[in-house]
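Reviewing the structure listed below.
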Amino acid sequence: MPFYAHTANDSNKEKILDKSKWQLLSHHAEEVAKLAADFLKNTPWSKTGRLLGMLHDLGKYQDQFQNYLKDKSSTTPHAWVGAGMFYQNHKWQSPLMANCIAGHHMGLQNWTDDYAKELEDKLISNSTVFETCWKTFKDDSDKKLTKPQSFDELSEIDREIATRIIFSALVDADFLDTERHFRETEGKPINPYLPIAMTELSKRLRKYVSKFKQENSIDKIRTQLFKKCFSQGVTTESGIFSLTIPTGGGKTLSSLAFALEHAIKHKFERIIYVIPYTSIIEQNAKVISGALGEGVVLEHHSLAEWRRKSDNSDKDEITEIWEKRASENWNAEVIVTTNVQFFESLMSNRTSACRKVHRLLDAVIIFDECQTFPSRLLNPTLKRLNALVEIGRTSLVFCTATQPAFKKSLNLTDGFENMREIIPESMNLSDHAEFQRTRIIKRNEPSPLSIESFCEELIEKEKKSGCAFQVLAVFNTRKSAQAAWRQFRDLSNNSDGVFHLSTLMCPMHRLEVLAEIKMRLKTQQRCITFSTQLIEAGVDVDFPLAYRSKGPLDSIIQTAGRCNRNSESKEPLPVFVVEIENDKIVSDNVYTTGTNTAFGLLHDEQTQVSANTIQKYFRLLYNSANLDAKTIERSAERLQFKQIARDYRWIENDDSYSVLAPWSEKGKKLILELCNFRDLPPDRKLQRQMGPYSINLRSSVIREACNNSLIQELSNGCFVTENVAYNKFIGFNNKAIALGNIL
């Protein structure tokens, strides 16, 4: 009798009883095998991918599963059969590949003695099922199985990365073929992915840049840097690179120029931009899309809600299908994503996250503002990136004005041994007057300034300015930024143009405030901004005066990058570093060490912080930190994939929860929709839509807010902010009763 992998649905998603429309199991296995092998074609594991594809659904060759397809009366687990095939045959790398098949629905598991024993027991107690499935498979398939490649010569880390890549190829192939089958029977269009040649994208970028006006010296330097990156991309071998360009030097387009030419030279298929914060990701994506054209750049982050056709009439159904699928498996030429999305996918064990990992091969990966990498995860992070380069066809570019010390050292044992700088020292960028736009002035006060004294100083400066006052003040904590915003408004008696920015505001709220700040700066209107560090890394704002609360060196330099950014003033403008009372992150030892180290390295006044000083700072910082605080390597040695995924969190939020905010009509609409779920958790579609309108709060803050009726916990376990507790100036406000509802 024929054996089937899947049933079929009609256009109304009703099950089709005519089995001629169902997908034959032999056909599904062959298609998955072809796809998985193709995904791994430039690796040593193409044959392994094919073998896994052929055997991943071996357990469906049993009457119980075929009966399940007929009436869905009882589930019949099937992955253990294919896993057992690999586990019994030690020539087939049993633990690694057995884990891939066993987890092709539920994810990679911790391969422990108990887990192996459980699989052994299942094989023994179900030996008849196992033997029947294997015999039936051989009778049903005319394809010869080939022995997979050996893993014996690979190091421990390379075996782990290889397992992740092979697993990724398998689950993506399985997802794609299953989706194709159901879309065909439902009469829906199938994604006609039409790749755009890197040579074409390079032509578009050159044409775009050729139109730039050379009105001043900074424009000319940006053009020089751009041309240098183009030429370096053509000539360099693949590997690991740094791109160190001062703030305002045009590193987004320069890094794109290098990546495109490098991809053409090495026949790479995609470029992946990895960016730390959502506050700059859409800004960078807009720059790249402007150069390469609409429909080229795939944005995959919490703000990239996949819009329905009704929300955007310009998008046809085919484009929507491509966007949704590409966001799941990154099948695009240019991808813009976040550190969180990138690294937690690389280290995940879940099928949905792992699908995209094989796309990290044949790619140039650009890490923008790479100084933001958390030191507590640095050794395992760099170790896996190095493994991608060693075993895959991948090049890495670390891009920032404050280049961290990622080269191998006594403490950074998994740093890079060979890291090449794209911009040669002969260009002497730091000596150019155009990049000496600010004077960093370290204030040595006898005691820390109170928030009130600090605001009084700003008010005095505004009185003496004689024009629309514009200043940026960056603090270490949300509490201080909010307190300064309140204090200044109260003391100045003028709230016009006074802004607050922090993660107490949902992402869409912050983007709208940033847009108004940029408009005011451009039109010379009053603009006084109190912000946390979120404004530092890459946000394109240009203030004539800035203050930075005593903090880490890279943060101070990044704040300086928001001052005189476009060299409007030929004279360096001041950036004051001051110690503000109680503005400390006492719970973060690394941050405290960085703050103290920075103050020791800074002169009382300087126009440039040298590259040597920056490197020294990071070396001192890393020497005092635990660079594998979550013992990821110990888990990796024991193939604990599930444990690694649990411990490797880019943002430490073990005690925080997402709270949906009523920002704009869209936020309020989402709250109503969430409430309608009642006892059910929101589906993935709604979760994606909620991201741009949510904030993260500690559980203790949420408990107190719930007691004060400022946050409501729904019966489905989700949290929403009450209108009275969300303020149009500062976001979530746990003192709402005192301030009043001014949403």
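Derivation of every value follows stated rules applied to the coordinates shown; laboratory data play no part. None of the values given here were measured: they were computed from a predicted structure. When we count neighbours, we look across all protein chains shown, and the Cβ atoms used for this are built from the backbone with ideal geometry, even at glycine.
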Q: Enumerate the calculated ³J(HN,Hα) couplings along the range 153-163 in order (Karplus 6.51 cos²θ - 1.76 cosθ + 1.60, θ = phi - 60°), each rounded to whole Hz, writing x wherever the residue is Gly or Pro.
A: 7, 7, 6, 4, 5, 5, 5, 5, 5, 4, 4
Q) Taking +1 at the Cβ of each Lys and Arg and -1 at the Cβ of each Asp and Glu, which of Gln62, Leu194, Leu686 sits farthest along the dipole of the chain towards its positive end, judged by Cα position relative to the Cα centre? A) Leu194
Q) Packing-wise, with mean Cβ within 10 Å as the measure, how do 282-293, 459-470 rank, highest first? A) 282-293, 459-470
(Q) I need the phi-derived Karplus couplings for the range 18-35: 6.51 cos²θ - 1.76 cosθ + 1.60, θ = phi - 60°, integer Hz, Gly and Pro marked x. (A) 5, 5, 5, 8, 6, 8, 5, 5, 5, 5, 4, 4, 5, 5, 5, 4, 4, 5
(Q) I'd like the per residue volume of the convex hull spanned by the Cα atoms of the range 350-441, given in cubic angstrom. (A) 168 Å³
Q. Which FRET efficiency value, to the nearest 0.05, do you get for Lys41 and Asn734 by plugging their Cβ-Cβ distance into 1/(1 + (r/R0)^6) with R0 = 45 Å?
A. 0.25
Q. Out of the DSSP beta bridges found with both residues in the chain, what percent are antiparallel (nearest 5)?
A. 25 percent
Q: Pull out the extension gain between Lys407 and Lys15, defined as 0.36 nm times the separation in residues minus the alpha carbon to alpha carbon distance; nm, one decimal.
A: 135.4 nm
**Q.** All Cα pairs of the range 1-94, percent lying beyond 17 Å
**A.** 58 percent
Q | Local electrostatic count at Thr477 - Lys and Arg +1, Asp and Glu -1, tallied over other residues with Cβ under 9 Å | A | +2
Q.
Please list log₁₀ I(q)/I(0) at q = 0.11, 0.17, 0.18 Å⁻¹ for the range 200-293, using the Debye equation with identical point scatterers on the alpha-carbon positions.
A. -0.31, -0.77, -0.87
(Q) Compute, for the range 602-743, the length of the dipole vector about the Cα centre, with Cβ point charges of +1 (Lys, Arg) and -1 (Asp, Glu) only. Units Debye, rounded to 20. (A) 360 debye
Q.
Can you give me the long-range amide H partners of Cys563? Hydrogens built in the peptide plane at 1.01 Å from N, cutoff under 5 Å, separation of 5 or more residues or another chain.
A. Phe543
Q: Fewest Cβ neighbours within 10 Å first, please rank Tyr87, Tyr693 accordingly.
A: Tyr87, Tyr693
Q: Take each of the peptides 232-242, 566-576, average the number of other beta-carbon atoms within 10 Å over its residues, and list them starting from the highest.
A: 232-242, 566-576
Q. Taking 0.36 nm per intervening residue step and subtracting the Cα-Cα distance, what contour gain separates Tyr68 from Glu425 on full extension?
A. 121.8 nm
Q: Take the Cα gyration tensor of the range 656-739, multiply each eigenvalue by 5, square-root it, and list the three semi-axes largest first, rounded to whole angstrom.
A: 20, 14, 11
Q. Can you tell me the Rg and the Dmax, both Å, for the Cα atoms in the range 150-251?
A. 22.1, 61
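Sorted by average packing, counted as other Cβ atoms within 10 angstrom per residue and highest first, what order do 552-562, 616-626 take?
Per-residue Cβ counts within 10 Å, averaged per peptide and sorted highest first, yield 552-562, 616-626.
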Q: Measure out, as a whole number of angstrom, how far apart the alpha-carbon centroids of the range 257-290 and the range 406-473 sit.
A: 26 Å
Q. Hey, what angle do you get for helix 217-235 against the long axis of the chain, alpha-carbon based, 0 to 90 degrees rounded to 10?
A. 20 degrees
Q.
I want the local charge near Cys370. Using Cβ-Cβ distances under 12 Å, sum +1 for each Lys or Arg and -1 for each Asp or Glu among the other residues.
A. -2
Q.
Can you work out the Karplus-derived ³J(HN,Hα) for every residue in the range 131-141? Use 6.51 cos²θ - 1.76 cosθ + 1.60 with θ = phi - 60°, whole Hz, and x for glycine or proline.
A. 5, 5, 4, 5, 5, 5, 4, 5, 5, 7, 10
(Q) List the residues, sorted by chain then number, that are 5 or more residues from Ile528 or on another chain and whose placed amide H is less than 5 Å from its amide H. (A) Val471, Val498, Phe499
Q.
Viscosity 0.890 mPa s, temperature 25 °C: give me the Stokes-Einstein translational D for the range 4-185 in µm²/s, with Rh taken as the Kirkwood radius over C-alpha pairs.
A. 146 µm²/s
Q. So what's the net charge close to Thr413: Lys and Arg +1, Asp and Glu -1, counting the other residues with Cβ under 12 Å from its Cβ?
A. -1
Q) What is the Cα coordinate range of the range 199-428 on the first, second and third principal axes, sorted by size from largest, in whole angstrom? A) 53, 49, 32
Q) Given 0.36 nm per residue, what is the gain on full extension from Arg206 to Glu457 after removing their alpha carbon distance, in nm? A) 85.6 nm
Q.
7 Å from Cα along Cα→Cβ at both Lys188 and Asp588: what's the point-to-point distance in nm?
A. 4.2 nm
Q) So if R0 is 25 Å, what FRET efficiency would Glu215 and Ala468 give, r being the distance between their Cβ atoms, rounded to the nearest 0.05? A) 0.55
Q: Mind running the shape call on the chain? Use the C-alpha gyration tensor, a ≥ b ≥ c as the square roots of the eigenvalues: rounded below 1.5 for a/c, prolate if a/b tops b/c, oblate otherwise.
A: prolate
Q. Rounded to the nearest 0.05, what FRET efficiency do Glu665 and Gln687 have when you use their Cβ-Cβ distance and R0 = 25 Å?
A. 0.80
